[in-house]
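The structure under discussion appears below in the form of structure tokens.
The values are calculated or read from the model by the stated rules, or taken from the named source; none is laboratory data. Model, not experiment: these values are computed from the prediction. Note that each Cβ is placed from the backbone with ideal geometry, even for glycine, and that neighbours are counted across all protein chains shown.
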Amino acid sequence: MATSLASQEGNNFEVSNEKEEEEQGNPQRASEKINELFSTLPKGKGWWAEHLFHYQGFWLSNRALEGLLLIQDNFKPQPSDIFLANTPKSGSTWLKALLFSIVNLSRYDFSSHPLLNTPPRDIFPFLDFYFQQNKPISDIESLPSPRLFSSHLPYNLFPKSITASGCRFVSIWRDPKDVFVSQWHFMKKLRSKELPAVSMEEAFDLFCKGVSHYGPLWDHMSGYWKASLESPEKILMLKYEDMKREPLVQVKRLAEFLGQPFSIEEENKGVVQEIINLCSFDSLRNLQVNKTRDGPSNEGRPVKNPDFFRKGEVGDWKNHLVAEMAEYIDQIIKDRLCGGGLASGFCP
Ligand code: PAP
């Protein structure tokens, strides 16, 4: 069996996956285009993969880069497509649940909702690794409209065929200090035990140099931010901290952007609150499917469903970073992202 839907990157996983693909003679995997490319790119240290490759300004694992090339070759966008795109550990799990619930509001009842027994990572496809699974393209071509996809790709790396197709993007930002801490915990779970461990200090140093999966974080953030200023009807920026503080306001904003605003009747019936409750950290984390490390949705995957639910808090960085580290990250964000009024409201 090749990679299962939306599996996350992992070194063990990558190795076995590559082996399987070689055995199966995957033509794309063997293509000279990919091999040549890898040999020419600057290499950096990976967090949950062994290496990262510097490609068009961003650090991608070999799997993510291969995935991107496959998207370029195989993905046929539809103008109604909706992409959830953000850096790892910024809130995709939460947003996947919310997007799916809003878009399918008329289709499902809350008492028998698919999210009650499907982990958010599987509720719609993670595009970055989709084409490495040897699944028929018809699987995604026949998804109901609007099709939902998630991705960690920077806006600038999305093929023009997608960004010019009229499709919409939802991107979520999170305090980079909390993103760092969340990525650090994720790495501890996912990094192969055969590789030397990475200390928090080393990870911090890499992060601040921009060497993190799909990093530099600030360039990733500014790509979506700039695009949202140019085309606010196509790109919505949300902020994890705002979603925590005022979920009702932000979920209504999201529904309006998706072209599916809640009716007065729905609001009066408490539908918005029901969606918020269903998708809350505590509710999702306590569902059997998201608590178990067994079962089909975990099989063969190095990261298990519970690994996507750690603390889900704002400001957990205070438990891990000393003041100088926090100030250092804040300063990078100010210097690299906040100049000239860019991203005001998102700046430390
Ligand atoms: P991904 O990039 O691997 O898809 P993503 O879901 O973006 O991960 O981020 C995981 C973070 O979101 C975790 O944060 P933490 O490490 O600081 O705890 C996770 O706990 C948090 N998270 C998951 N689900 C929710 C939710 N429903 N509400 C709020 N936070 C959540």
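Within region 265-282, residues that are touching a residue at least 24 places away in the same chain (Cβ under 8 Å) and closer than 10 Å to LEU248 by Cβ reach partners that are in a helix (DSSP H, G or I) and of a type in the set (Lys, Arg) with beta carbons closer than 7 Å, at six or more positions or on different chains, in the pairs VAL272/LYS252.
Quick check, is GLU266 closer than 22 Å to SER111 by Cα, out of contact with any helix residue (DSSP H, G or I) (no Cβ under 6 Å at 6 or more places or on another chain), surrounded by fewer than 18 Cβ atoms within 10 Å (Cβ to Cβ) and not hydrophobic (A, V, I, L, M, F, W, C)?
On the way: closer than 22 Å to SER111 by Cα: yes; out of contact with any helix residue (DSSP H, G or I) (no Cβ under 6 Å at 6 or more places or on another chain): yes; surrounded by fewer than 18 Cβ atoms within 10 Å (Cβ to Cβ): yes; not hydrophobic (A, V, I, L, M, F, W, C): yes.
Yes, satisfied.
For region 289-298, the criterion of being over 19 Å from PRO176 (Cβ atoms) and either β-branched (Val, Ile, Thr) or not assigned by TED's automatic domain parsing to the domain that holds LEU190 (or both) is satisfied by at least one residue. The single condition from (1) in contact with a Gly (Cβ under 6 Å, 6 or more places away or on another chain); (2) farther than 22 Å from LEU98 by Cβ that GLU324 fails is (1).
Residue count for region 232-250 satisfying the condition of being part of a strand (DSSP E or B) and within 15 Å of ARG168 (Cα to Cα): 4. Of all residue pairs spaced 6 or more apart or on separate chains, those with beta-carbon atoms under 8 Å, a first member in region 97-113 that is away from the ligand (no atom under 16 Å from the Cβ) and a second member that is not in a helix (DSSP H, G or I) are VAL103/ILE82; VAL103/PRO146; VAL103/LEU148; VAL103/LEU258; VAL103/GLN260; LEU105/GLN260. Selection over region 118-169 of residues that are in a loop (DSSP other than H, G, I, E, B), surrounded by 22 or more Cβ atoms within 10 Å (Cβ to Cβ) and more than 13 Å from the ligand (Cβ to nearest atom) gives a count of 2.
Filtering region 280-303 to residues that are in contact with a Lys or Arg (Cβ under 9 Å, 6 or more places away or on another chain) and within 11 Å of the ligand (Cβ to nearest atom) leaves PHE281, ARG285, VAL303.
The helices (runs of 4 or more DSSP H) located wholly in region 1-117 that include 3 or more residues which are hydrophobic (A, V, I, L, M, F, W, C) and either modelled with pLDDT under 95 or surrounded by 16 or more Cβ atoms within 10 Å (Cβ to Cβ) (or both) occupy 32-40, 62-74, 92-103.
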